[in-house]
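Below is one structure, written out as structure tokens, with a few remarks after it.
The values are calculated or read from the model by the stated rules, or taken from the named source; none is laboratory data. No experiment lies behind these values; they were computed from the predicted model shown. Because the Cβ atoms are built from the backbone with ideal geometry, glycine has one as well, and the counts that use them run over all protein chains shown.
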Amino acid sequence: MAAKAPDRRRNNPPSHGTNPPVFLSTSLPSSTIKPEQASRPPNEIRKIFLRTGLVSSVTGSSFLEIAPLKLSVSVLGPRPLPRTSTTPFAAQAILTTEVKFAPFASTVRRGYLRDSSERDLGSRLYQSLVGAIRRELYPKSRIEVVVTILDSEDEGDEVNTVYMEEGKAAFEPTFRDAGRAERALGVVLAGCITAASAALADAGIEMYDLVSGGVSTVLVDQFDGKGKGKEGDSEKRLYVRDPAIAPPEGKKPLATCVLGYMAARDEISELWILGKLGTKNGTAEMEELVDEAIAAARSSRGVLNEAAKERVQFIVDKAQSTTQTDDTEMTG
Amino acid sequence: MPPPTPLSPPELSYLFTSLSLTPPIRPDLRSASQFRPLIAECSFLPHCNGSSRICMTEAGECIVGIKAEVEKDATSKYATIIEREKWIEVSVEVAGGGASGPGSGVGVGGISGAGGASGRDEGDGGAAVWLKEGLLACGGDGWSILDRLVISKGWHWKLYIDVLLLTPTSHPSPLLLSTAVNMALDSTYLPKLTSPHDVDDIPAFSDDWAISVPLYEPTTFPRPPISLPVVAIGDNVFLDPSVAEVATAEVGLVVTLALSDADGSCDIVGVRGMEVGRAGGKEGDRKGINRKLLRKMVTTCVNEASEVIKTLGETTHKQMFRA
Amino acid sequence: MEGLRNDGRRWNELRRIHCQLSTSSTNADGSSYIEQGFTKVLCNVTGPAEPSNRQRVKQDSATVSCEVYFAAFSGTDRIKRGRNDKKVQELQTAIQKTFSSIILTHLFARSEITISIHILSQDGGTLAACINAATLALIDAGIPMTDYVCACTAGQSTSIFDNEGASPDPWLDVNYLEESDIPSLTVATVGDSEKIVALSMENKVRIEALEAMIAVGISGCARVRGIMDKEVRRYGKEKLEAEGE
């Protein structure tokens, strides 16, 4: 109710929105604008750019870029609980996480107030990090993780459109990629988890292990009309790590798995599966999907380790250089 | 944050020990995969298209009312997925009718929901998103609940699912929520269209409820989904954990399942992490789920689910026919 | 069928009343559920307990506070009412005032008794159903009161029978359709006595008709009391027998 009240604090654009320009053709030859998916084998994740220590005013921070996804994480704390807090005492540090899309981060503009999907992402990020942090070392304090998503993969409304033929198409079950929005959020969540771990490491907060995010999707061949090959389609399953939003031509996504993974402990801290997985062979279908997501998380863990190491190296170098200059000053 | 418990550290430690024994001893002496008894009623609200009331001893009470309103499509020739997903609106309201005091509607879910969210957010975010997600995912093979909501050219039903929670704890069991929503959906009937499908005039409906159309056909699949909470302590896996068990558990999952055929086999339509207390154990114990445990937890749910869903469905239909 | 109302009742007939005690499994101290026709109300009572808020502490007596929640699906159209909704506030104040005078608050100094009411379905006589539900829940919670508080509505039927100058019979226990059509009032009495503890009317009515309406309302209250008392005794007996075994 309160969330729906008009936002009077800012100059808002028209509530109905405006249409962004749609460029139908381009002068580039079509081969250069092929979907990015085609050039990447299904078991390879996209290249990740991860740097820490970008924001100087907070304890720890990181910036992550995976193709179109750009996000920055700030970690504040550990710092004392506010005096007005409802829980004046906490034996373990209280972790809060907040995920916010910048209004311009997706094709459809987002408001300044956090909507339910953003809150949901925040709580899942919390779940994936809370177990990894050694909270018992920081009693009576709080740690805040703030994620701002600057850009995300989102093809907008146009692509998701289902055209209804005159009156009839609506009554026939037609294929549509219903989990698309969730898949997009999943990729964002995985990025948030990886980047947040890097920022926590940068803040010097003790953790049991770094948590890295991984995503995988299982696809099957799309049949024309209602051809259901229920028995045979297990052979044609294609597992894709770090999937792009658009499924490859002729494939339809069945389910997506996003997880936060602690590689050194071989433990999953947060799991989110969305889609349809049969249970004819017990949990085999699910496990295969989870294994793929773990593999994706392991790949991003490499980048995470490098980023953490790089930062440590930078600090060590800096410390050494300052002590050296100090020494020279002293001696000189 | 994990659900606050009134239990002291020694109590938690005792619980942890008794739950990690082989075989485990649960505080209410249930077996590991046994559910708590519940009272279920449906279709008792005359103003709603579908309604249900679930009462669980410790977990509290949950009332769901589903209302369908006729709405014009936002666009005339096509409907985008984003637009179509707005056809279903789920809202969860917590009214601390119990000892937790008035209006303590913070952090619903237990489903890794609402947790770390800072500030004064509406606590329902987590649960509402999670309930809707299960509903929409429970399709496959081209079927979607959204197709059932199309009335005629240019018109659709807008489905409002309002969940009212009267719980003593601020973290109600996901089972309570999902059984209530499942039952309400199963008892939802929409008036039969009398005007032609392909005319974009305001649709007209029959007044006769005897020929109304069920939202979910009782004999076809998929059926509405159900979510089972499962937690693990040591190597032991517990279904339908109580508040105390959640507080001690090391890891938790909410597995959403839907019946896929008449033989009673289920499809997994979603898995989510669940917030647990992680109290009572030693520092540096398990912090996440390994693959072996994951298999065990999900298998437990899959094994029990079909019976639970079937029983619930039968109860619903029995009450519907009586009415 | 002259003289029958739109739902087939005569002027002095109540709708079906179904009530239950201890319906809720939550750890509320008392709970009840009442159906008056299609008006369905659920009530939980907590207390006497330590006040949640310092301002509510009274040194010599208990504070009675009331919360009313309209379920979004309770009416014909889906309406979400917030906590600051005028109708909600009005109901809360009415109920709180009514019960503050009936509960023996001096027995529980520095404590709070919270009545929380959920309106699940509205079909006329919402305030009356709320008061009745609260009475039952308070009895279930074992909170001492001077007597039952029972409420009922009465409406002034339109003057179609008014051909001989005599005012027509008022209608007892109006439903939603009647409530939106004709002027009506809600009256609550204490126990068997004809003492009025709450009276509310939001329409205008001819002064000559008022007395008859109140009289019919009071007679309705007495019948409601009978039904409620029967249920309380039945429940109490059942409980005692169960404990005796």
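When segment B:275-295 is filtered for residues that are more than 9 Å from every other protein chain (Cβ to nearest Cβ) and surrounded by fewer than 20 Cβ atoms within 10 Å (Cβ to Cβ), the ones remaining, listed by number, are B:Gly281, B:Lys282, B:Asp285, B:Lys292.
For segment C:67-104, filtering for residues that are touching a strand residue (DSSP E or B) at 6+ places or on another chain (Cβ under 7 Å) and among the acidic types (Asp, Glu) leaves 1. If you take the residues of segment A:73-109 that are among the small types (Gly, Ala, Ser) and assigned to a loop (DSSP other than H, G, I, E, B), which of them is farthest from A:Gly60 (Cα to Cα)? Here the answer is A:Ser106. Number of residues in segment B:283-307 that are touching a helix residue (DSSP H, G or I) at 6+ places or on another chain (Cβ under 8 Å) and either modelled with pLDDT under 90 or not in a helix (DSSP H, G or I) (or both) equals 3. Only a single item in (1) within 18 Å of B:Ile289 (Cα to Cα); (2) surrounded by fewer than 19 Cβ atoms within 10 Å (Cβ to Cβ) is not met by A:Arg301, and it is number (2). Within segment B:39-74, the set of residues being within 19 Å of the chain's Cα centre (by Cα), at pLDDT below 90 and within 7 Å of chain C (Cβ to nearest Cβ) comprises B:Cys55, B:Met56, B:Thr57, B:Gly60, B:Glu61. A single entry from C:Glu208, C:Glu243, C:Glu178 fulfils the requirement of being of a type in the set (Asp, Glu) and under 16 Å from C:Trp11 (Cβ atoms): C:Glu178.
With respect to the conditions (1) more than 13 Å from A:Leu200 (Cβ to Cβ); (2) among the aromatic types (Phe, Trp, Tyr); (3) assigned to a helix (DSSP H, G or I), A:Tyr112 lacks only one, and its number is (3).
May I ask you to say which residue of B:Ser118, B:Ser91 is within 11 Å of chain A (Cβ to nearest Cβ) and modelled with pLDDT under 55? Full working, then the answer.
Working: B:Ser91 fails: modelled with pLDDT under 55.
Unique residue meeting the criteria: B:Ser118.
Figure legend. Inter-residue proximity from segment A:241-264: first residues touching a residue at least 40 places away in the same chain (Cβ under 8 Å) and surrounded by 20 or more Cβ atoms within 10 Å (Cβ to Cβ), second residues in a loop (DSSP other than H, G, I, E, B) and among the hydrophobic types (A, V, I, L, M, F, W, C), beta-carbon distance below 7 Å, spacing 6+ or different chains. Indicated pairs: A:Arg241/A:Ile45; A:Asp242/A:Ile45; A:Gly260/A:Val211; A:Tyr261/A:Val211; A:Met262/A:Ala132; A:Met262/A:Val211. Of the listed requirements (1) touching a strand residue (DSSP E or B) at 6+ places or on another chain (Cβ under 7 Å); (2) in contact (Cβ under 8 Å) with a residue 40 or more places away in the chain, B:Gly277 misses just one: (1). All conditions in (1) within 10 Å of another protein chain (Cβ to nearest Cβ); (2) assigned to a loop (DSSP other than H, G, I, E, B) hold for C:Leu14, with the sole exception of (1).
Restricting attention to segment B:207-233, which residues are of a type outside the set (A, V, I, L, M, F, W, C) and in contact with a Phe, Trp or Tyr (Cβ under 7 Å, 6 or more places away or on another chain)? Working first, answer last.
Step one: list which residues in segment B:207-233 are of a type outside the set (A, V, I, L, M, F, W, C), which gives B:207-208, B:212, B:214, B:216-220, B:222-225, B:227, B:229.
Within segment B:207-233, B:Ser212, B:Pro214, B:Pro222, B:Arg223, B:Pro224 qualify.
Filtering segment B:262-274 to residues that are more than 7 Å from chain A (Cβ to nearest Cβ) and either on the phi > 0 side of the Ramachandran plot or touching an Asp or Glu at 6+ places or on another chain (Cβ under 9 Å) (or both) leaves only B:Gly264. Output the residue which, of all residues in segment B:296-319 that are under 20 Å from A:Ile273 (Cβ atoms) and of a type in the set (D, E, K, R), is nearest to the other protein chains (Cβ to nearest Cβ). Step by step, filter segment B:296-319, then rank; the result is B:Lys296.
When restricted to residues that are more than 7 Å from every other protein chain (Cβ to nearest Cβ) and either touching a Leu at 6+ places or on another chain (Cβ under 6 Å) or at pLDDT below 75 (or both), segment B:160-177 contains 4. Contact annotation: residue pairs with Cβ atoms under 6 Å, 6 or more positions apart or on different chains, pairing a residue in segment A:305-325 that is touching a residue at least 40 places away in the same chain (Cβ under 8 Å) with a partner that is surrounded by 11 or more Cβ atoms within 10 Å (Cβ to Cβ) and not hydroxyl-bearing (Ser, Thr, Tyr), are A:Ala307/A:Leu50; A:Ala307/A:Ala198; A:Ala308/A:Ala201; A:Arg311/A:Gly53; A:Arg311/A:Asp202.
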